[in-house]
Each structure stands twice: as structure tokens, then as C-alpha cells.
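First comes the structure, then the notes that go with it.
The values are calculated or read from the model by the stated rules, or taken from the named source; none is laboratory data. Note that this is a predicted model, so its numbers are computed, not measured. In this analysis, Cβ positions are derived from the backbone assuming ideal geometry, glycine residues included, and neighbour counts consider all displayed protein chains. All accessible areas refer to the heavy atoms of the entire protein, side chains included, with ligands and DNA or RNA removed. Shrake-Rupley method; radii C 1.70, N 1.55, O 1.52, S 1.80 Å.
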Amino acid sequence: MSLIRNTIFALASLLAFLLLIEGGLALVGVEPELYDKDPLVGFSSRIPLFVEAERGETLATARNKRAIFNTQNFERTKPPGTYRIFCMGGSTTYGRPYADSTSFCGWLRELLPIADPSRNWQLINAGGISYASYRVAALMEELIEYQPDLFIIYSGHNEFLERRTYAALLDSSPLVLESRALLNRTRSYSLLKRVVQAAAGGPPSELSTREVLPGEVQAVLDDSVGLQAYQRDEPQQAKVLAHYRFNLERMIDIADSVGAGSVFVTPASNLRSCSPFKSEAAESLTLIERLEFEEWLSKARRRRSRGRLEKALLAVDAAIAIDPGRADARYLRGRILYESDRFKESRQAFLRALEEDVCPLRALPEALQIVARVAEDRDVPLLRWVEFLADRALEGIPGEDFFLDHVHPTIDANRLLALELISLLHSEGIVAFDSSWDQRAISRVTAEIKGSLEPGAHARALTNLAKVLGWAGKHGEAHELAVRVLETVDDAEAYYNAAVNAVRLGRVEEAIGYFEEVLKREPDHAPAMSDLGFIYANLARYRESEDYLRRAIALKPADERAHYNLGHLLLLEDRFDEAVIELRRALQINPERGEYHQMLGNVYGRLGQPAKAISEYERAIEVNPRLPSARLRVAEHHLSNGESKRAKEELRAVLELAPNSRMALLQLTWILASDADASLRDGAKAVRLAEGAARLTQHGDAAALDALAAAYAEAGRFEDARETGHRALERASARGSEELVKEVEDRLELYEAGRPYRRTQ
């Protein structure tokens, strides 16, 4: 017992000594390093959000920040009796797709003085569009200079928006990471670290100790490859979530350093009416399994569209059994269950769809758990906004009743969020309700805020929303919004936005009409000219196409897309040398566009220069590995050179990207069914691939039936080979394809003799 008592006494003495040191260092102004530095990421530039206004006593949002922050003004020295609140986070805090006045911060600004007139409430909206937690924490380093009383933090949707590697720092175990964070919160460790660095000749280079990000957001979706850049990466996801937790802890520490409070809000998402941004097949699936999955998913969609919900559910469940991690199948299952009034199961399916989204632009369930754990561990007030909405949403599943898109609340939802925050602040003793605070007062403020909106505010908001959805690859939803905007707005940009989304959906005639409306209102709108020129080229309206494209380039000579579009037109007109010139101009402006290299490869192919063509295709794949068309061209090149093994590998890569590529399926079928190299042949696999290709064309394509017959023959199913070969012959004859008719007839002779077809190089 004496040993235990001595150990406890020693530990207590050590703790008291450390606390004494910490207190002494605080008195002399030593701050923990964590208060002003994130050890995981730094920024290439740190431009202040707020700068002195003309008179010097007022701070205002810096002009070069106003594209992503609301314009705000406040006194540098906080007036007596003022309670200053900074609202932190991303575009939800900003107020997207509107702005500050209808954000939850804007609602708080109007409602708090009515709820509690005993204080001078000052609400400052510091929400930055696309800002993730590490940028919010970095911004708080600046804001603690402005005498804050409280930070309201709504963060978690943007954690995967920027590309980060973390180098080796987050390869440490969670225990090591937590220990490092704890040490960085102490003054003694931070002082010791600085002394050691000074003795070693100064602090280490920031580049060597932490990843340096641009001064402002550079979203992955802004890259030319867009959604294709997102891949399933569970280790990276774990690192991002660990950094998220780290940043929430750091925000609390930063606020604590000046005696300010913190409030967290769990970031809520649209579950019911927001499909996943990206789905991806499991790497372990075979090509046959991928095809089977796509067939079951297509069946489920067809059956649902016809109202056959029970059959649709069976089909989608068959697809999920093949690939449980496909977000699109999980979401479709949620919709089918919802329409079947099986709401509890539907909610679970929607949540699973969110979890499996390869492009997670909505806060993951793990992130919500992290917010709750940090709030509990650090005794920080938490508004459980996700649960609040679920309790009030249709069938307990939030959708368009509370959200305008995937994460941005409606104006009324922002009002509800502000009211819940006021209730939370009341429970924390920050707000003392006045006797006049009732529903009539709330209704009066509501009418004032909604009445103050300009007539065009809703249209501008929908336009912004349509652009965001189009940027994120949700073209159908973006187009619906863009068309709604035209009901209230008559300007060139609104029509251009509708036209672009119509093009993405393949609605060519509709797009042409919108582009023409753009040019009626703004005759020198170069992007509209360029896009219209591209469409006319594909419609063989070559003279009109060239006229528009030349005019677009004259207006904007550095427009890479216009040069690319002109190169495309010149290729269609067999003006190959001119096409090379235009495509090279596009590549001079931007050499990192895979489709530009691919198009140049097509031109060289038509010029009879295969070496140059393949070089461009390979460069296209190097720039963007997820270009199935370029990979298919490379595979065809290998086949023509008798390199079937290399062609087989490339065709598999094509089908991983595009499982329903008819040409890739047929080419791979021929290798598996008829290649001279016996090691490459596999009759059973050939049959399954060829059957998939035949189903894609409803068994009506002669080439697909021809390949299927060859596959049956390789598998020893000669009766099936003969029957299918005759059907291929009928289709080829009806199409008038004499060359294919002769080839099928020759192969039928082999099948009649019980022999498979062998392709010679």
C-alpha cells in the first residue's frame, strides 16, 4: 500500500509542478504552438480576411476575399456591452446559394436582439465558400485578435474537396497523433520545441514538416478530370477524418486562448433527394461480374419507372449482392423502398449511399460522430441539427423539404437553425429571453427578411445552385434549376447556363435554342459561339460551325476550348493539317487536357501516322488515366501489331472504366474466343462477355452475334454457334454488309464441321 501511496504522491507532485510551469509560462506570454499552427498543413499565403476600412477604426472584408466571403464590417475595438459572435464554416455558413442575409448567421443577427435586447449582439459571418475545417481553424487564428465572445462552428462538408497527401505525418497511429496534439496544446512543450529548433539553427522549413496548400481553395472538381479524380481510398479517408477531428479540437483551443466560447453544429445533409456524386465498382470484381451488376441495375431502373416496385427491389438487391459498395445501387434501393412506404429501411439505404459515395461532398456519418465525441470530450455545447431535421422531415428522411441541393438549407431551414441556436444559447445562460419573445415576434422578423429580398434574388440563387450542381456532375438536377431560372430572368448568362446543361444531357436541339437566345442578348458572347460551333460541327453544319468558332477565337484568342472545337471540326472535314495546328494551339494553352491529346491522336491516325497517333493516345492516358476511348485506340493498335496480350490488358482497363463499351466487349471476346495464342483463350469467359454485348443491342447487332457464335464454338457449344451464326448472317445481309456476310459464312462452315474459329495475325 505504501508503494501505491508513494506512486500517487509522486504523480500528483509531478502534475502540480507541470501546472505551475504552465501557469508561469502563461504569465510571460508563451502560447501553445497549436494555437497558431496546424502541424499537418500550412498555406502558401495568408491574406487577412478583414482589413482596415477607410477611417481605420472599422474592419471590413478584404476586397480580394469577397468572391468567397460575405462583405462584413465591424469595429476594431469592441464597444462596451457588445457580445461578438463569429459564425464559422463553409458555404452553408456563408448562406449559399443566397448570401449573408438569409444564412443562419443573418437570421441570428435579426432575431437575437428581439430574443434578448439586454445585450448589443454583433454577428459576423466568416463562412467561406468551400472552406474545410483546416481552413476554418487557420482563419480563427486571425479572428481571435478581434475580441470574440463566441464562435459558432458549422463545418464538415468540405473535408474531401481539396487534394491532400499528409506525407508520413498521419501514418502514425491514432494514439501517437492524439499524444502529439495533446503536447502541442501545452506551453512547456511548445517552448522546448522552439528552444531546440533555435539551437539547431532556426525552425525547419515549413515545406519539410507539413503540406503547403494554396492560399485559397483549389477544389479537386475544378481540375480538368473533375469527378474522375475521386477514387475509393479508405486509408486516405481515415486520414482526412483524423485531421477533421484534430481541427475541431484545435478550434476549441484557439477560442479558449482568448477566453471565447465555442458551439458546434452537426452538419446535416439531404438524404432523400440527393443521389451520390460518384459510384465506383469494387476492384475485386471480374469483368463478367461488372457486366452482371450493370444488367441488374438497369433492370431495377426500368422496373421502377414502370411502377413494378417489388420486382425493382429484387433486381437492385441482386446488383448489390454482386457489388455491395456501389453508392448508386444503394441510393436506388432507398428510392424504391421509400416509394414502397418502407421508410425505416429506406433511410438506412440512403445513409449507406452517402457512406459509399466516392466523392463525399456531404459530411460522412463518421464525421458526425467525431463532432459529437469532440463536443462531449471537451464540454462544448452541441446543436444536434441532424437529429432535429430527422425528427421533422417527411418520414424522418430530410430532402427537398429542408435542402435546396445536397447540403445547402432552404431559407426557412436556416431560420429554424438560428432559432435552435438561440434556444441552445439560452440553455447555456448566454441568452436571457425577453418577455416579448414569442411566435409573433419571430413571424414579424421572418416577414421583414423575406420581404427584403430583391426580386431577382431567388433566380440568382437558383443559377448559383445550378452551377454548383453542374460543377459536381449532377447535370439533370442542374438543368432543372437552370430552366426554372428562365421563368423569372431574361439575360444571356441564364440562357447560357441552361444551354450548357442541356448539352451535358444530350438535348442538342434544346441547347441550340438556348445558345441562340444568348447571342440575341449578347452578340459577342464567345463561349456560346464556341459551344454552338461544336454542336454544328457534329450536325455536319460545317460552314456555320466554322463561322462561329473563328469569331469566338477572334474575340478570345487564348480560349483553349475554342481551338479544340475548331480542331474537331477540321478533323470532321478531313482538313487534317489544319486540325493539327488548332489542336496544338489548344495544347500550348493547356497541355494537361487528356481529350486534346486524344483528338490529336485521332487526327494523326487519319493522316496515316500511327506512331504519332499512339504517342498522343499514350500521353492522353498519362494525363488522364480514365479515358476509355484513348485506351481503346491503344488496344486496337496492339491488336493490329499482333500483340494480343497487351491488347487484352488494355481492353480490361477500358471495361473497368466503361463496363458497357460494346466495342471493348467485342474485341476482348474475339481474343478470348479465337486468338492464335491458346494461353489467351477462355471459351466460358468469352461466352459471358459476348452474351453481355449481345444484350446491350437486344440481340439485333450482326457483329455482336458473330462474336457470340465464335465464343460458343470455342466453348464447344457448336449447335448454339451455328444457330447464332445464322442469326448474325441474317442481320448482316439485311444491313447490306457484304464483307461481314462473307466472314460469317466462312466461320459458319467451321462450326458446321465442329471446329472453332481461329484468328490469324
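Does segment 265-273 contain any residue that is within 22 Å of residue 657 (Cα to Cα) and open to solvent by 20 Å² or more (accessible area, probe 1.4 Å)? Let's see the steps before the verdict.
So the first thing to find is which residues in segment 265-273 are within 22 Å of residue 657 (Cα to Cα), and the list is none.
Within segment 265-273 (the criterion being within 22 Å of residue 657 (Cα to Cα) and open to solvent by 20 Å² or more (accessible area, probe 1.4 Å)), the answer is no, since none of the residues qualifies.
Among the numbered criteria (1) open to solvent by less than 10 Å² (accessible area, probe 1.4 Å); (2) of a type outside the set (Gly, Ala, Ser); (3) outside any strand (DSSP E or B), which single criterion is violated by residue 142?
Of the numbered conditions (1) open to solvent by less than 10 Å² (accessible area, probe 1.4 Å); (2) of a type outside the set (Gly, Ala, Ser); (3) outside any strand (DSSP E or B), the odd one out for residue 142 is (1).
Restricting attention to helices (runs of 4 or more DSSP H) lying wholly within segment 450-564, give those where 3 or more residues are more than 28 Å from residue 587 (Cβ to Cβ).
Qualifying helices (runs of 4 or more DSSP H): 457-471, 475-485, 492-504, 508-521.
What tally of residues in segment 281-293 results from selecting those that are surrounded by 19 or more Cβ atoms within 10 Å (Cβ to Cβ), within 27 Å of residue 229 (Cβ to Cβ) and charged (D, E, K, R)?
The total comes to 1.
If you check 657, 572, 555, which single one turns out to be open to solvent by 60 Å² or more (accessible area, probe 1.4 Å), among the aliphatic types (A, V, I, L, M) and out of contact with any Asp or Glu (no Cβ under 9 Å at 6 or more places or on another chain)?
Numbers: 657 fails: open to solvent by 60 Å² or more (accessible area, probe 1.4 Å); 555 fails: out of contact with any Asp or Glu (no Cβ under 9 Å at 6 or more places or on another chain).
Result: 572 is the single residue among 657, 572, 555 that is open to solvent by 60 Å² or more (accessible area, probe 1.4 Å), among the aliphatic types (A, V, I, L, M) and out of contact with any Asp or Glu (no Cβ under 9 Å at 6 or more places or on another chain).
Note down all Cβ pairs under 6 Å where the first residue falls in segment 733-751 and is closer than 12 Å to residue 713 by Cα, the second is open to solvent by less than 70 Å² (accessible area, probe 1.4 Å), and they're at least six residues apart or on different chains.
747/757; 748/725; 750/757; 751/713; 751/718; 751/721; 751/722; 751/725
How many of the residues making up segment 667-706 are under 33 Å from the mean Cα position of the chain (by Cα), within 18 Å of residue 295 (Cα to Cα) and not in a loop (DSSP other than H, G, I, E, B)?
Here the count works out to 5.
Which condition from (1) closer than 26 Å to residue 552 by Cα; (2) modelled with pLDDT of 85 or more; (3) under 27 Å from the mean Cα position of the chain (by Cα) is the one that residue 480 breaks?
Tallying (1) closer than 26 Å to residue 552 by Cα; (2) modelled with pLDDT of 85 or more; (3) under 27 Å from the mean Cα position of the chain (by Cα), residue 480 fails exactly one: (1).
If the requirement is being farther than 22 Å from residue 755 by Cβ, in contact (Cβ under 8 Å) with a residue 40 or more places away in the chain and part of a helix (DSSP H, G or I), which of these qualifies: 652, 631? It would help to see each step written out before you state the result.
Values: 631 fails: in contact (Cβ under 8 Å) with a residue 40 or more places away in the chain.
So the residue among 652, 631 that is farther than 22 Å from residue 755 by Cβ, in contact (Cβ under 8 Å) with a residue 40 or more places away in the chain and part of a helix (DSSP H, G or I) is 652.
So which of 441, 432, 447 is more than 30 Å from residue 131 (Cα to Cα) and open to solvent by less than 10 Å² (accessible area, probe 1.4 Å)? Show your work before the answer.
Details: 432 fails: open to solvent by less than 10 Å² (accessible area, probe 1.4 Å); 447 fails: open to solvent by less than 10 Å² (accessible area, probe 1.4 Å).
Result: 441 is the single residue among 441, 432, 447 that is more than 30 Å from residue 131 (Cα to Cα) and open to solvent by less than 10 Å² (accessible area, probe 1.4 Å).
Run down 127, 89 and say which single residue is without any contact (Cβ under 8 Å) to a residue 60 or more places away in the chain, surrounded by 24 or more Cβ atoms within 10 Å (Cβ to Cβ) and not aliphatic (A, V, I, L, M).
Values: 89 fails: without any contact (Cβ under 8 Å) to a residue 60 or more places away in the chain.
None of the other options fit; the residue is 127.
For segment 611-628, indicate whether the set of residues that are free of Cβ contacts under 8 Å to residues at least 60 places away in the same chain, among the aliphatic types (A, V, I, L, M) and surrounded by fewer than 18 Cβ atoms within 10 Å (Cβ to Cβ) is non-empty.
Within segment 611-628 (the criterion being free of Cβ contacts under 8 Å to residues at least 60 places away in the same chain, among the aliphatic types (A, V, I, L, M) and surrounded by fewer than 18 Cβ atoms within 10 Å (Cβ to Cβ)), the answer is yes, since at least one residue qualifies.
Looking at segment 357-372, which of the residues that are touching a residue at least 60 places away in the same chain (Cβ under 8 Å) and open to solvent by 30 Å² or more (accessible area, probe 1.4 Å) is nearest to residue 313 (Cα to Cα)?
From segment 357-372, those touching a residue at least 60 places away in the same chain (Cβ under 8 Å) are 357-364, 366-368, 370-372; that's our starting set.
Imposing the further condition that a residue be open to solvent by 30 Å² or more (accessible area, probe 1.4 Å) reduces the set to 366, 368.
Working: 366: 28, 368: 30 Å.
Here the residue is 366.
List the residue pairs whose Cβ atoms are under 6 Å apart, where the first residue sits in segment 291-310 and is under 21 Å from residue 687 (Cβ atoms) and in contact (Cβ under 8 Å) with a residue 12 or more places away in the chain, the second is part of a helix (DSSP H, G or I) and open to solvent by less than 60 Å² (accessible area, probe 1.4 Å), and the two are 6 or more positions apart or on different chains.
Close Cβ pairs satisfying both conditions: 291/692; 292/322; 293/319; 293/322; 296/315; 296/318; 296/319; 299/315.
For segment 339-356, name all the residues that are open to solvent by 40 Å² or more (accessible area, probe 1.4 Å), in contact with a Gly (Cβ under 9 Å, 6 or more places away or on another chain) and not charged (D, E, K, R).
Listed by number, the residues that qualify are 343, 348, 351.
Report whether or not residue 754 is modelled with pLDDT under 90 and more than 25 Å from residue 631 (Cβ to Cβ).
Answer is no for this residue.
Go through the residues of segment 108-117 one by one and say whether even a single one is at pLDDT 95 or above, in a helix (DSSP H, G or I) and among the basic types (Lys, Arg).
Within segment 108-117, the first condition is being at pLDDT 95 or above, and the residues that meet it are 108-117.
Applying the additional criterion that residues be in a helix (DSSP H, G or I) yields 108-115.
Going one step further and asking which of them are among the basic types (Lys, Arg), we end up with 109.
Yes, segment 108-117 contains at least one residue that is at pLDDT 95 or above, in a helix (DSSP H, G or I) and among the basic types (Lys, Arg).
For the condition at positive phi, open to solvent by less than 60 Å² (accessible area, probe 1.4 Å) and touching a helix residue (DSSP H, G or I) at 6+ places or on another chain (Cβ under 9 Å), what is the one hit in 334, 307, 325?
One residue alone meets the criteria, 307.
Which ones in segment 389-420 are open to solvent by 20 Å² or more (accessible area, probe 1.4 Å), within 21 Å of residue 151 (Cα to Cα) and not basic (Lys, Arg)?
Within segment 389-420, 416, 419, 420 qualify.
Which residue is nearest to residue 285 (Cα to Cα), if the candidates are limited to segment 645-654 and must be more than 29 Å from the chain's Cα centre (by Cα) and surrounded by 18 or more Cβ atoms within 10 Å (Cβ to Cβ)?
Here is the first cut: in segment 645-654, the ones more than 29 Å from the chain's Cα centre (by Cα) are 645-649.
Now drop any that are not surrounded by 18 or more Cβ atoms within 10 Å (Cβ to Cβ), which leaves 647-648.
Details: 647: 20, 648: 17 Å.
Taking the candidates together, the pick is 648.
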